[in-house]
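See structure below.
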Amino acid sequence: MPGILALSIVTAGASAAIHRDASDFATQVDPAIAPVVPETSGYDALLRQYGVEPGSEKARTVLKWVGRIRNDPVIARNLPDGADGVGEVFLDPAKRQVLMSDGVARLDAADRLQYVLLVTRLIDELVPVNCYGLSDMSAVMRRVQLQDMSDADVDQYLGLLYKVVARYASGAPIQMPTREQSAAAEAQLSRGIVAELQGDPDSLDRYAYYASHASEATPADTCWMSRVTMHAIIVMPDPERDYVLLPSIRDRDDAAAQGNRFPDKAQPASAGPQTHAP
């Protein structure tokens, strides 16, 4: 259960309003101009629409990364409709979910950790303790917008988003853990949750109850559990952290894909990590 909850949070980042904001730029910014003249006045109205002041550091950052995405040869070559189709993908919730979860799974472990750390920090710093009265973390993340984030966070987030899209387009292989490794990592995460809650019996009972009775959890309960789980995950050592994250990402991705993701060649279970590659 903790691993599944964690991935509902991590992949909820795919629904963050920043993606919707960036998708509009991706469909309207001229790829030949954006990387060269990011402060061009032709996009002032679009920037202001999303609360970004034209000519600001944040505006330059947005146009820089949109330009990188649109000019990347791997993205242009391997995605349907090339880089011009990226914006359309992010406007379609199902396709966006597939691209983000699959791309996050294909990141290097270090980049995947940075993504998880950033999503966790955005939730901690920008989301109220009751998650806006919402239990769906995707709906919660849709409240996170460009204007809410610092310049540094926008730069890091869009840089990671660029890597996610590029790795999805490349079909880079995924090193999956064995069932035994996943089970051991889940057990370690459970111990980490106990440590995060400092062994407090009331908190442990609350967590255990709502983990098995999710439909009875209030938005505040879900929000609290989400934070507890993510804090426990980010302090896990490598490679156990990935052993929790990757199987849940792939399960969620496979359920959503329905033919919209690069086909994988599943490898038989073995004593070592399993490789999934296009």
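The values are calculated or read from the model by the stated rules, or taken from the named source; none is laboratory data. For clarity, every value in this text was computed on a predicted model and none was experimentally measured. With ideal geometry, Cβ positions are generated from the backbone for all residues, glycine too; neighbour counts draw on all protein chains shown.
Please find, among A255, A269, A220, the residue that is farther than 20 Å from A169 by Cα, modelled with pLDDT under 90 and not aromatic (F, W, Y). Don't jump to the end; show me each part of the working.
Values: A255 fails: farther than 20 Å from A169 by Cα; A220 fails: modelled with pLDDT under 90.
Unique residue meeting the criteria: A269.
Figure legend. Inter-residue proximity from segment 196-214: first residues aliphatic (A, V, I, L, M), second residues surrounded by 10 or more Cβ atoms within 10 Å (Cβ to Cβ) and not in a helix (DSSP H, G or I), beta-carbon distance below 6 Å, spacing 6+ or different chains. Indicated pairs: L204/L197; A211/M1.
Matching residues to (1) under 23 Å from V164 (Cα atoms); (2) among the hydroxyl-bearing types (S, T, Y); (3) within 24 Å of the chain's Cα centre (by Cα); (4) buried (at least 21 other Cβ atoms within 10 Å of the Cβ):
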{"position": "A183", "(1), (2), (3), (4)": "no, no, yes, no"}
{"position": "V194", "(1), (2), (3), (4)": "no, no, no, no"}
{"position": "A208", "(1), (2), (3), (4)": "no, no, no, no"}
{"position": "W224", "(1), (2), (3), (4)": "no, no, yes, no"}
{"position": "M230", "(1), (2), (3), (4)": "yes, no, yes, yes"}
{"position": "I234", "(1), (2), (3), (4)": "yes, no, yes, no"}
{"position": "P239", "(1), (2), (3), (4)": "yes, no, yes, no"}
{"position": "P247", "(1), (2), (3), (4)": "yes, no, yes, yes"}
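In segment 43-56, the residues that are under 17 Å from V144 (Cβ atoms) form Cβ pairs under 8 Å with partners that are hydrophobic (A, V, I, L, M, F, W, C), at six or more places apart or across chains, as follows: Y50/L146; G51/L146; V52/A59; V52/V62; V52/L146. Counting the residues of segment 92-112 that are of a type outside the set (D, E) and surrounded by fewer than 18 Cβ atoms within 10 Å (Cβ to Cβ) gives 4. The lone criterion from (1) in a helix (DSSP H, G or I); (2) in contact (Cβ under 8 Å) with a residue 12 or more places away in the chain; (3) surrounded by fewer than 17 Cβ atoms within 10 Å (Cβ to Cβ) left unmet by D155 is number (3). Criterion applied to V62, V89, V66 was being touching a Lys or Arg at 6+ places or on another chain (Cβ under 6 Å), modelled with pLDDT of 50 or more, farther than 30 Å from Y207 by Cα and buried (at least 18 other Cβ atoms within 10 Å of the Cβ), and the one residue passing it is V89.
Residues that are outside any helix (DSSP H, G or I) and among the aliphatic types (A, V, I, L, M) within segment 158-197 comprise A172, I174, M176, L197, listed in sequence order.
Just to check your reading of the model, which residue among L197, L161 is at pLDDT 95 or above and hydrophobic (A, V, I, L, M, F, W, C)?
On the way: L161 fails: at pLDDT 95 or above.
It is L197.
Of all residues in segment 41-85, those being in a helix (DSSP H, G or I), under 19 Å from Q156 (Cβ atoms) and under 21 Å from the mean Cα position of the chain (by Cα) number 10.
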